[in-house]
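What follows is a single structure, written as structure tokens, with notes after it.
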Amino acid sequence: MNKIKENFYFLKTFGCQMSNLDSKYIQLLLNKMSFETKQIEKADIIVFNTCSIREASENKLLNLFSYISKMKEYNKDIFVAVLGCFVEKINYKFIQKHSYIDCFISPDYLHFLPYAFKRFHLKKKNYQLVYKHFKNNIHKNTIKKNFDFLEDIFLRNKIRTVKKKPREYIRIMKGCNKFCTYCVVPYTRGLEICRPIERIILEIKHAIYFGSQEIVLLGQSVNHYYYRGVNFYKLLYIISNIIPKHIRVKFLTSYPKNIIYPLLTLIQQKSCLSKYLHIPAQSGSNTILKKMNRCYTREEYLDIIDIAYAKNPGISIAGDMIVGFPDESTKDFQCSIALVKYVKYQHLFISQYSPRPNTISYLYYQDNVSKSIKRARHNYMFKIQQNIMSQYNSSFVAQILEGFVWKAYNTSVSKKLKEILLVKTDANKIIFVFDEKKLLGSKVRVRILQSSSSKIFGFVVK
Ligand code: SAH
Ligand code: SF4
Ligand code: F3S
């Protein structure tokens, strides 16, 4: 494409790791169009990669829209594109109302961005382009083709434009079949589609060759992966047999019902597998879990946790909880608190229930827990979690932990203090140490000095 004017873009991303990964594709497309990143005021292309998981995520976006509409009044040449999950949810009325937005592209059609821009630039500025599935009436094969196409462009281009990155996210599947009653993801991202194992392996090998030390396999229910006879266990087994010893592999997010016990044994046996499980419970009450359509009970969930700890005593468990789901009583909430205390999560993401249009819970349940109760329950759970973290982190003080030096930051505090290094343990714990940058990428032993609810500090034992 010919160079056009100053060639600057502004990209803002909302949402999860999937959305962040999509933004890398978007950046790549923009770079290929010879655009470079700049602050919003100087940009010729403004792109929002959006999220719809909670009302609050959408509100942040809508606030930005009013700013953009004013910008567009002064400069009609700016190209404004709204991409991502939010697009799958909007209707024509919304599109017409926001006529200053030049194109809307849902996650399966991101590769249409250059084409949309070209059309805009050919002076068809009164057009709004929309690429989305509408009412899911597009055949699954079409979606699959788009998905493979997108991953392939990225792979091909990554081979040409390589930057050394300590961590590489690799999508092994897209979409979700679980239909938890509160969740928009099956509607915004569509049903599950798994990538061929050869493509995944190729991408992993490529990442390692160019210096990645941590590979993060991504999927909404990552442990539900299945492609031509290869399930998630087999995939991990194959990966762990082909990668070098110093590489760590992590995966997000595990769906409790699809955890098979041999997987927990594999984590124990293979040193390359991070001793880390992100396995959200969402609630500790069986009544609420049933209403959420989570397909497991509190007892089944806790069995998995017990076995995970028994096999890997140092494992870090991360989770997500929703408070204030319809009909959640004080007793139900107390069950969630008891579960949080029992599991001792290393990271816990707490959300207040947000009814999402057209989901089952929106259509059939009443959002009958008040905002103030939701907020109070959120705060209470957050405090409990902070106490757990403080206690847990303080249990490391004076111990020696092993990890590899993950990141280095310059410190201007004092020359003596050298660099701030982030050391990551096998259980995904981050330790802050002051030492020399040359340690970056090496394995070190760290004596823990001090801790708080969110941080651990130590020094490298030479
Ligand atoms: N696939 C993952 C979660 C993806 S969504 C899983 O099954 O665990 C990320 C988190 O957002 C969810 O775990 C849930 O805690 C939260 N969430 C999703 N929909 C929500 C809603 N309507 N209201 C509040 N929180 C929600
Ligand atoms: Fe949403 Fe449930 Fe799928 Fe997670 S498993 S993405 S919460 S529907
Ligand atoms: Fe992620 Fe938000 Fe979409 S959480 S999958 S970007 S709705």
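Read the figures in this text as sums done on the coordinates, not as results from a lab. Keep in mind it's a predicted model, so treat the numbers as computed, not measured. Every residue, glycine among them, receives a Cβ derived from its backbone with ideal geometry; neighbour counts consider all protein chains shown.
For the reader, a short list of remarks on this structure follows.
- Total formal charge among the other residues, if their Cβ is under 11 angstrom from that of residue 280, Lys/Arg +1 and Asp/Glu -1: 0
- Computed helical MRE - 222 nm, the chain, DSSP H runs ≥ 4 contributing -39500 (n - 2.57), nearest 500: -12000 deg cm²/dmol
- Since only 321, 382, 216 are under comparison, the one whose Cα sits farthest along the positive direction of the charge dipole of the chain, derived from C-beta charges on Lys, Arg, Asp and Glu, is 216.
- Counting Lys and Arg as +1 and Asp and Glu as -1 over every other residue whose Cβ lies under 11 Å from the Cβ of residue 54, the net charge comes to 0.
- Taken about its Cα centre, the chain carries a charge dipole of roughly 1020 debye when the Cβ of each Lys and Arg holds +1 and the Cβ of each Asp and Glu holds -1.
- Rounded if a/c under 1.5, otherwise prolate or oblate - the range 345-387, Cα gyration tensor axes: oblate
- Cα gyration tensor shape of the range 8-131, rounded if a/c is under 1.5, else prolate or oblate by comparing a/b with b/c: rounded
- For residue 273, nonlocal amide neighbours, meaning residues 5 or more places apart or on other chains whose placed amide H falls under 5 Å from its own, are 249.
- With a threshold of 30 Å on the Cα-Cα distance, the over-threshold entries among 38/118; 344/424; 32/437; 12/424; 42/455; 12/144 are 32/437; 42/455.
- Unit charges at the beta carbon, dipole of the chain: most positive-side option, 67, 285, 28: 28
- Centroid-to-centroid separation of the range 429-459 and the range 269-319 [C-alpha atoms, Å]: 28 Å
- Under 5 Å from the amide H of residue 129 lie the amide H atoms of 103, 104, each residue being 5 or more positions distant or on a separate chain, with H modelled from the backbone and absent for Pro and chain starts.
- Dimensionless Rg/Rh of the chain - Kirkwood Rh, Rg from C-alpha atoms: 0.97
- An oblate overall shape is assigned to the range 400-461, the ratio a/c of its alpha-carbon gyration tensor axes (a ≥ b ≥ c) being 1.5 or greater and a/b not exceeding b/c.
- Local charge for residue 453 was computed over the other residues whose Cβ lies under 14 Å away, with Lys and Arg +1 and Asp and Glu -1, and equals +4.
- For the chain, with +1 on Lys and Arg beta carbons and -1 on Asp and Glu, the positive-most of 408, 458, 226 along the dipole: 408
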